Amino acid sequence: MSQPKVAIVSGASRGIGHAIALRLAADGARVVLTARDERLLRETAAIIGEENSLLVALDLRLADSAAKIVDAAAAKFGTVDILVNNAGATKRGDFETLTDDDFMDGFALKYFGAVRLTRAAWPHLKRQSGAIVNIVGSGGRTPGALFAIGGSVNAAVLSFTKAMSEKGIEDGVQVNAINPGPVRTARLAKRLEDTTEEAFLREEKIARIGEPADIAALVSFILSPHGRLLQGSLIDADGGATKTI
């Protein structure tokens, strides 16, 4: 009987990360949950169960957090088979009001958090013929005036995905990315406060708003035997938000 896979999911306390963690647990994985909010992580861990989960409440902006997360995963479960880089929200706003600190904060969490977790987990992933899924965002392909930080950070993570995919071919690690569009999370709810959902769909020119479970299901497929042909793929799951080729 094969051993359960061990998956690290960053940003697992809410939204897409929470849904991914629950889906991977339902698929039989042991899940290492990491984010800053320990209370919310405990709620997610309680759903999965103590035996099959580990919570590590750390701030990925800090340079040593990634190694601590991977070390904790290996200490409890022996190795790491899957890494889902999902953490990171960037500040929206008019470019003229955004500061250097705003830009650096966006890169610190989403880009460098993913880079450091990938670096720390890579020896395990290489040994296990494991997989990485980066949850990025449609703004990396089609940035907007109010998304200068997010678009820049997401584009960097997409480029990083392609680079690590090539190394993954050499080392036997599957590396892909998903670009969610608008997904029904607390962050999107704030954007919908001053409009209706119908008006939002018309303005964004999208078919519908996604659900966190939609992204989780796609992660599950990529990691399944049916998704093994995917390598270096940047998959748009955005209801048609991305208009570019």
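Of everything in the stretch 183-208 that's under 22 Å from Ala155 (Cβ atoms) and part of a loop (DSSP other than H, G, I, E, B), which residue is nearest to the chain's Cα centre (by Cα)? I'd like the intermediate steps shown before the answer.
Taking the stretch 183-208 and keeping what is under 22 Å from Ala155 (Cβ atoms), we get 183, 185, 187-188, 191, 204-206.
Now narrow it down to the ones that are part of a loop (DSSP other than H, G, I, E, B): 185, 205-206.
On the way: Thr185: 14, Lys205: 24, Ile206: 22 Å.
Result: Thr185.
Looking at Val56, Val9, Val80, can you tell me which residue is touching a residue at least 24 places away in the same chain (Cβ under 8 Å) and farther than 15 Å from Val133 by Cα?
Details: Val9 fails: farther than 15 Å from Val133 by Cα; Val80 fails: farther than 15 Å from Val133 by Cα.
Only one candidate qualifies: Val56.
When Ala12 is tested against the conditions (1) in contact with a helix residue (DSSP H, G or I) (Cβ under 6 Å, 6 or more places away or on another chain); (2) modelled with pLDDT under 95, the lone failure is (2).
If you go through the stretch 6-25 and pick out every residue that is farther than 19 Å from Val183 by Cβ and either surrounded by fewer than 24 Cβ atoms within 10 Å (Cβ to Cβ) or among the basic types (Lys, Arg) (or both), you end up with 1.
For the condition more than 30 Å from Ala121 (Cα to Cα), surrounded by 17 or more Cβ atoms within 10 Å (Cβ to Cβ), among the polar types (S, T, N, Q) and modelled with pLDDT under 95, what is the one hit in Thr242, Thr185?
Details: Thr185 fails: more than 30 Å from Ala121 (Cα to Cα).
The unique qualifying residue is Thr242.
For the subset of the stretch 161-182 comprising residues that are touching a helix residue (DSSP H, G or I) at 6+ places or on another chain (Cβ under 7 Å) and part of a helix (DSSP H, G or I), which member is surrounded by the fewest Cβ atoms within 10 Å (Cβ to Cβ)? Per the stated criteria, the residue is Asp171.
Under the condition of being of a type in the set (Lys, Arg) and part of a loop (DSSP other than H, G, I, E, B), the residues counted in the stretch 22-40 number 1.
The values are calculated or read from the model by the stated rules, or taken from the named source; none is laboratory data. Just so you know, these numbers come straight off a predicted model, no measurement behind them. Reconstructed Cβ throughout: ideal geometry from the backbone, glycine too, with neighbour counts over all protein chains shown.
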